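Note sheet for the following structure.
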Amino acid sequence: MATAAAATPSSSSSIIPLSNVEAQWEAMNKDEQLTVHRQLEEIQKKDWKTLSIDEKKAAYYVAFGPHGPRKPTSPPGENLKIFIWTLGLIGVSGAIFGFTRTFAPPPPKTMTKEWQEAENERAKELKLNPITGITSEDYKGPGFVTEKN
């Protein structure tokens, strides 16, 4: 019984050559992939200096290759498509913003510079915030004026 179990890996290990595992991996079924994995485990128990380049490449690909959980979630070129769509949506939103701004009403009269200067004068008359505000002794700020005209 022990001889039959020992004979199984050696007979199935010769099914797939390790010279081109990277190209064949996706086409293999799960049993073949498991066979290659076991074959590589046995090969890696040897001295690494005696392994061929193909065996080292196959071991690296099976351990760290872009398959299984390390498979890329988006295909090549997908990032460019996302970038272009994002720019397009930003452009559309800018166009909608500009369109709505053309039909927006003018700003209220309280936003004009004259109105804000009149607010400053009224604040001085009422002596608003005499400690740190517009009616304090050394105040040099703009007061209620926010417009730069």
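The numbers here are math on the coordinates, done by the rules we state, and not lab data. All figures in this text were calculated on a predicted structure; none of them were measured in a lab. Here the Cβ is made from the backbone with ideal geometry for all residues, glycine too, and neighbour counts use every protein chain on show.
Things to note:
- Option label - volume of the Cα convex hull per residue in Å³ computed here, alternatives (1) 223; (2) 353; (3) 116: (2)
- GNM top mover of Ala63, Ala27, Ala118 - the chain, alpha-carbon springs below 10 Å: Ala118
- Exceeding the 27 Å Cα-Cα cut-off - candidates Lys30/Lys56; Lys56/Lys81; Lys30/Lys57; Lys30/Lys81; Lys113/Lys140: Lys56/Lys81; Lys30/Lys81
- Listed peptides 102-112, 84-94, 126-136 by packing density, highest first (mean Cβ within 10 Å): 126-136, 84-94, 102-112
- Two-decimal log10 I(q)/I(0) for segment 107-149, as the Debye equation yields it once each C-alpha is a single scatterer, q = 0.16, 0.17, 0.18, 0.20 Å⁻¹: -0.41, -0.45, -0.50, -0.60
- Long hydrophobic helices in the chain, taken as whole DSSP H segments with a C-alpha length of 30 Å or more on their own axis and mean Kyte-Doolittle hydropathy at least 0.5: 78-102.
- Cβ-based net charge around Gln24, under 13 Å, with every Lys or Arg adding one and every Asp or Glu removing one: -3
- In a reduced charge model with +1 at each Lys and Arg Cβ and -1 at each Asp and Glu Cβ, the chain shows a dipole moment near 20 debye about its Cα centre.
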